[in-house]
1. For the chain, what is the mean residue ellipticity at 222 nm derived from helices alone (per DSSP H run of n ≥ 4: -39500 (n - 2.57); sum divided by total residues; nearest 500 deg cm²/dmol)?
2. Taking all pairs of different Cα atoms in the chain, averaging 1/r and flipping that mean, what Kirkwood radius in angstroms comes out?
3. Which of the aspartates and glutamates could a cross-linker span from Lys174 if the Cα-Cα distance has to be under 17 Å and same-chain partners fewer than 8 positions apart are dropped?
4. How far apart, in nm, are two points set 7 Å out from the Cα along the Cα-to-Cβ line at Asp11 and at Ala117?
5. Give me the percent relative contact order of segment 39-208, please, defined on Cα pairs under 8 angstrom at least 6 residues apart.
6. Can you compute the modelled spin-label distance between Asp293 and Lys146, with each label point 7 Å from Cα toward Cβ, in nm?
7. How large is ³J(HN,Hα) for each residue in segment 87-92, as worked out from phi by the Karplus curve 6.51 cos²θ - 1.76 cosθ + 1.60 (θ = phi - 60°), to whole Hz, x for Gly and Pro?
8. For segment 180-197, what does the Karplus curve 6.51 cos²θ - 1.76 cosθ + 1.60, with θ = phi - 60°, yield as ³J(HN,Hα) per residue in whole Hz, taken in order and with x for Gly and Pro?
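What follows draws every value from the coordinates through simple rules; no lab data is involved. Not measured: the values here are computed from a predicted model. Virtual Cβ from ideal backbone geometry, glycine too; neighbours counted across all protein chains shown.
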Amino acid sequence: MTGVDANYSLDMHSRGKAWSADGKADDLFAILHRAGVDTFRVRLWTDDEGMNGLNYATEVAKRAQAAGIKPYLVIFLSENWSDMVKQPVPAIWKDLDYDGKVKAVEAYAERVTKHFADAGVKIDLFEIGNEIDFGICGEFEEEWPKRVSLDYMRAKIWARMAPIILAAENGVKKVRPEAKFILHLARWSEAAYCTAFWQAMLAAGVQMDYAGLSYFPTSAAEPKERSLPFLLTQVDSIYIKLNRPVIICESGYPSEPKFSGQFADWNKPIDGYTLDPAGQAKWLSDYFAAARDDHELAGVFYWSPEWYDSEMWSAFALFDSKGNAKPALRSLEQPPPTTRPSNN
């Protein structure tokens, strides 16, 4: 899978933003498809209205599908951002006891899966939660020393996460019995920790068809953890222990060395790659080429290539401040198959 998570697109379009490639303005989804994108990561929050709500996410999925891009759905189980540093329970479930929340999650997952099916959106792949290393849907560990204790996490957090994830999967499968599932973690440099989490989920009966990771190499404090060979060694370790292919659910590389906002320190250099548009293009080309050559990787996704109007992400976007494609957009293209001479 050559994929993107471009969910800011509808909001940007509503504010008059546009995108162009090869000097021609066009629909973003069409541009992405021509660039080689075949799969679209759709994020879904629990509200029906608003950004990433059910109606917004449905329109995103429809637009992707109409452009020839297959959508997969991330069921966040939160009403706003949830990730490695926070996993808040939605307001609609905050007054429920634990068992009530589990039942509500199953009913919700069934409802939204049916909604997409009724809307004519064909989804076969689902991600339950987003960067759920330390919790999901309010079952979350705040303290770092406890987070990194495998024994503690197995007993106190992962044991409470598993029924929630399983309930969401059961809800999905009531509508899509053949659905496949990703469990997505953020800490790509900690394969042992991630593997322990996934093994705990599998032991609890959770279905996991793909091991999902985030990969933002310029964020890593340790230089060795920024390289593509390091990522591939982590993927290899995960595949050997789990016998599951890996999907990189989120990734990105900046096209400039200085930018503001919460990701301002995600500008650490990688040997062989400059922090400029040419370096971004080279890194992305090598990244996708390495992924396609590795049978243990089932897909890689670039996060928010469209989001050029945000100061904290414009450096990572694949379009410049005027919406023109950066050189890196071409790096998504899959090279044509090698043609061998005929013996006839």
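1. -10500 deg cm²/dmol
2. One over the average 1/r among Cα pairs gives 20.6 Å for the chain.
3. Excluding near neighbours in sequence, the set is Glu106, Glu110, Asp118, Asp124, Glu127.
4. 3.0
5. Working: 286 pairs, mean separation 38.6, N = 170.
After rounding, I find 23 percent.
6. Using points 7 Å along Cα→Cβ, the separation is 4.5 nm.
7. So the J values, rounded to whole Hz, are 9, x, 6, x, 4, 5.
8. So the J values, rounded to whole Hz, are 10, 10, 10, 10, 10, 10, 9, 8, 4, 7, 10, 4, 5, 5, 4, 4, 4, 4.
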